[in-house]
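First up is the structure itself, then whatever we jot down about it.
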Amino acid sequence: MGANQNRLIHIASLPAQPWKNGGGLTTEIAIYPPGATTDDFLWRVSMAKIERDGPFSAFPGITRWITLVEGNGFVLDFADGSKLEVTKPFEPHQFDGGLAAHCRLIDGPCRDLNVMARSDVVMRVGIARTRAMLPSMGHAVVSDHGVSIRLDERHVLNAFTDRPF
């Protein structure tokens, strides 16, 4: 894909695959470079359904952002004693992907968006309130330097590097 080429992706048409630790399923929305794996990507965006308490996959050398998109949320308890409460929809939370974490659901399953970038990649993640038409519900616009994902009528998650690679 060229640096200025965009693709419109229908998220529901993407296949689910096992989490790195096998504890659940994730849908990979975008990965760079194309063909990379969970071991060698520069950046990756995925959606996961968390159905039960359990460990989160560790990604040493990776910065992660996690955004609740459906459900009551969860708490991540990290091995260093810190914790992260993810209870407000459409609010990205950044953390060190290399820290071991245990997830505790708050009153039932939930769905989240995960943005991951190698620690030496400058990635900006935010939520825009917009009624712009693209991407439409259930879709993402993907390029070599990032992704925009429609979350609901008014919210779009944007995750972009400072420059294409």
### Query
Do we have any residue at all in the range 26-41 that's hydrophobic (A, V, I, L, M, F, W, C), out of contact with any Lys or Arg (no Cβ under 8 Å at 6 or more places or on another chain) and farther than 27 Å from GLY138 by Cβ?
no
### Query
Counting only residues that are under 15 Å from SER46 (Cβ atoms) and out of contact with any helix residue (DSSP H, G or I) (no Cβ under 8 Å at 6 or more places or on another chain), how many does the range 149-165 have?
3
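Just need a number here: residues in the range 42-55 that are touching a Lys or Arg at 6+ places or on another chain (Cβ under 8 Å), over 14 Å from GLY73 (Cβ atoms) and crowded, with 21+ Cβ neighbours inside 10 Å. Can you show your working first?
Residues of the range 42-55 touching a Lys or Arg at 6+ places or on another chain (Cβ under 8 Å): 42-43, 47-50, 53.
From what is left, the residues that are over 14 Å from GLY73 (Cβ atoms) are 42-43, 47.
In the following step, the residues that additionally are crowded, with 21+ Cβ neighbours inside 10 Å were identified as 43, 47.
Residues flagged as touching a Lys or Arg at 6+ places or on another chain (Cβ under 8 Å), over 14 Å from GLY73 (Cβ atoms) and crowded, with 21+ Cβ neighbours inside 10 Å within the range 42-55 amount to 2.
Could you tell me whether any residue of the range 102-114 is closer than 21 Å to PRO34 by Cβ, touching a Leu at 6+ places or on another chain (Cβ under 7 Å) and at pLDDT 90 or above? Spell out how you get there, then give the answer.
Narrowing the range 102-114 to residues closer than 21 Å to PRO34 by Cβ: 113-114.
Restricting the remaining residues to those that are touching a Leu at 6+ places or on another chain (Cβ under 7 Å) gives 113.
Still in the list and also at pLDDT 90 or above: 113.
Within the range 102-114, one or more residues are closer than 21 Å to PRO34 by Cβ, touching a Leu at 6+ places or on another chain (Cβ under 7 Å) and at pLDDT 90 or above.
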## Note on the structure
The residue from SER82, SER148, SER143 that alone is among the small types (Gly, Ala, Ser) and over 27 Å from SER13 (Cβ atoms) is SER82
### Task
Please report, ordered by residue number, the strands (runs of 3 or more DSSP E) entirely within the range 1-117 with at least 3 residues that are free of Cβ contacts under 8 Å to residues at least 60 places away in the same chain and over 20 Å from ASP144 (Cβ atoms).
16-18, 54-56, 62-70, 74-78, 83-86, 93-96, 101-105
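Would you check if ALA140 is surrounded by 17 or more Cβ atoms within 10 Å (Cβ to Cβ) and in contact with a helix residue (DSSP H, G or I) (Cβ under 9 Å, 6 or more places away or on another chain)? Outline the logic, then answer.
Values: surrounded by 17 or more Cβ atoms within 10 Å (Cβ to Cβ): yes; in contact with a helix residue (DSSP H, G or I) (Cβ under 9 Å, 6 or more places away or on another chain): yes.
Yes, satisfied.
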### Query
When the residues of the range 118-135 are filtered to those that are at pLDDT 85 or above and in a loop (DSSP other than H, G, I, E, B), which remaining residue is surrounded by the fewest Cβ atoms within 10 Å (Cβ to Cβ)?
ASP120
### Query
Looking at THR67, THR37, which one is over 12 Å from ASP112 (Cα atoms) and either out of contact with any strand residue (DSSP E or B) (no Cβ under 7 Å at 6 or more places or on another chain) or buried (at least 20 other Cβ atoms within 10 Å of the Cβ) (or both)?
THR37
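The values are calculated or read from the model by the stated rules, or taken from the named source; none is laboratory data. Just so it is clear, the model here is predicted, and its values are computed rather than measured. Cβ atoms come from the backbone with ideal geometry, glycine included; neighbour counts cover every protein chain shown.
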